[in-house]
Amino acid sequence: MRKRKIWFWVILILLLFLIGSWYSYRYFFRSEIRQEQPVKRVERRNVKLVAVGDSLTYGQGDEEKDGGYVGIIKQKIQNKYKKTTVSTANYGVSGDRSDQILARLNKQKKMQTDLKNADVIVVTVGGNDLMQTLEKDIMMDSQSKIQSSINQAQGTYENKLNQLFTAIRKENQHAPIFVMSIYNPVYTYFPDVAAINDSIKQWNQATEKVTKKYAKMHFVSIYKVMSYGQYQTKKQRQQLIQQEEKVNHGKVKQSQLLSIMGNKDHNLNEYISTEDNFHPNHLGYQHMANQLFRSMVKYDSWEYVRK
């Protein structure tokens, strides 16, 4: 009898413990649910966008003198986010390489201050770094020699890019940074010249690789839209290649490049300015801004504050 009583009390105590644990769990669990309020995202009333870079940031070639993509992206943001007013600061200088952009950043206090206060940062870089190499090597007869030269220059470029991005992040740790690719401004004239096409694609891959090392930094490709222009379908581009390979045979002469750059009346690519047949025109900057805006909407933490 005594053993039965002991077992009775043991079982009773266990049952009471389990019942108590269950009700305690339900009480605290429901309490946590009640305490968890959904995070409310509120659009910023004021957004500061700071653009840093070369001639593509400056807006060279924009016949409407609207500051290239910087002026266009400002309007796009305000059209989508109705309560938002956008202010911009444009630190683009034509011809600047990555190291020259960095030198300006290190010297210009106003640029440093604007970066510190930025809600979103946009960078165009790399085109002039590549041009420095291509100007020396593009006339080489050997594709392998050109490739070797590009490979050597790429390592130097990536180091410079790391230094630039680190300096920008030092000024501002929270703002997302959107880094635009480069494009081939003479693709429509020389679609079959691998030396140019492959070099630019490799350069973009290098920029994207470095970009991925940094938090809240996003690579925006404008290669296809700006290189191909109105020839966006594969069939259209194939027709271009068929026409040009009969003439160029996969090579380009310096005289041909100079002739294209000097033509002030026409460009086969409707997105490229006839000012120099190199930089975007206003329509081209609109397409650049479209690509940028898609990425900005996808990574839109810059536009909201948590309440």
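The values are calculated or read from the model by the stated rules, or taken from the named source; none is laboratory data. Note that this is a predicted model, so its numbers are computed, not measured. Using ideal geometry, Cβ is built from the backbone for each residue, glycine included, and neighbour counts are taken over all protein chains shown. Side chains included, ligands, DNA and RNA excluded: accessible areas come from the protein's heavy atoms. Shrake-Rupley method; radii C 1.70, N 1.55, O 1.52, S 1.80 Å.
Across the range 197-210, coupling constants 3J(HN,Hα) worked out from phi with the 6.51/-1.76/1.60 Karplus curve, θ = phi - 60°, read 4, 5, 5, 5, 5, 5, 5, 5, 4, 5, 4, 5, 4, 5 Hz, and Gly and Pro carry x. In order along the range 127-135, phi translates into HN-Hα couplings of x, 6, 4, 5, 4, 4, 7, 5, 4 Hz, rounded to whole numbers, per the Karplus curve 6.51 cos²θ - 1.76 cosθ + 1.60 with θ = phi - 60° and x for Gly and Pro. Once backbone amide H atoms are built at 1.01 Å from N, His218 has Ile177, Phe178, Val179 as its partners under 5 Å, excluding neighbours fewer than 5 places away on the same chain. The Cα-based radius of gyration of the range 67-129, divided by its Kirkwood radius, gives an Rg/Rh of 1.01. The HN-Hα couplings worked out from phi for the range 92-99 by the Karplus form 6.51 cos²θ - 1.76 cosθ + 1.60 (θ = phi - 60°) are x, 10, 4, x, 6, 8, 4, 5 Hz, whole numbers, x standing for Gly and Pro.
Are there trypsin sites (Lys or Arg not before Pro) in the range 73-176 that DSSP puts in a loop and that have at most 16 other Cβ atoms within 10 Å, and which ones? Display every interim value, and only then the final one.
Working: sites: Lys74, Lys76, Lys80, Lys82, Lys83, Arg97, Arg104, Lys107, Lys109, Lys110, Lys116, Lys136, Lys145, Lys160, Arg169, Lys170; in loops: Lys82, Lys83, Arg97.
Loop-located and lightly packed - Lys82, Lys83.
A Cβ-based charge dipole, computed about the Cα centre of the range 48-132 with Lys and Arg at +1 and Asp and Glu at -1, lands at about 560 debye. Note on Lys110 and Gln202: the model spin-label points, each 7 Å out from Cα along the C-beta direction, lie 4.0 nm apart. Amide H contacts for Phe278 (H built 1.01 Å from N in the peptide plane; partners 5 or more residues away or on another chain; cut-off under 5 Å): Ser273.
Quote the FRET efficiency, to the nearest 0.05, computed for Ser94 versus Glu43 with a Förster distance R0 of 45 Å and r equal to the Cβ-Cβ distance. Provide the component values of the computation, followed by the final result.
On the way: r = 35 Å, r/R0 = 0.77.
Efficiency computed from Cβ-Cβ geometry: 0.85.
For the range 77-131 versus the range 169-218, the inter-centroid distance based on Cα atoms is 16 Å.
Put simply, the Cα atoms of the range 118-240 extend 46, 32, 18 Å along their principal axes, the longest span coming first.
On a 1.4 Å probe surface of the protein chains, which of Met217, Met131 comes out largest in accessible area, and what is the full order?
If we order Met217, Met131 from most to least accessible, we get Met131, Met217.
Solvent-accessible area of Thr274, all protein chains in place: 50 Å² (probe radius 1.4 Å, heavy atoms, ligands and nucleic acids excluded). Which residue, Gly53, Gln75, Gly92, has the largest displacement toward the positive end of the dipole of the range 41-96 when charges sit on each Cβ (Lys, Arg +1; Asp, Glu -1)? So the residue we want is Gln75.
First measure r as the distance between the Cβ atoms of Asn162 and Gln132, then evaluate 1/(1 + (r/R0)^6) with R0 = 22 Å and state the FRET efficiency to the nearest 0.05. Provide the component values of the computation, followed by the final result.
On the way: r = 18 Å, r/R0 = 0.82.
Computed FRET efficiency for Asn162 and Gln132: 0.75.
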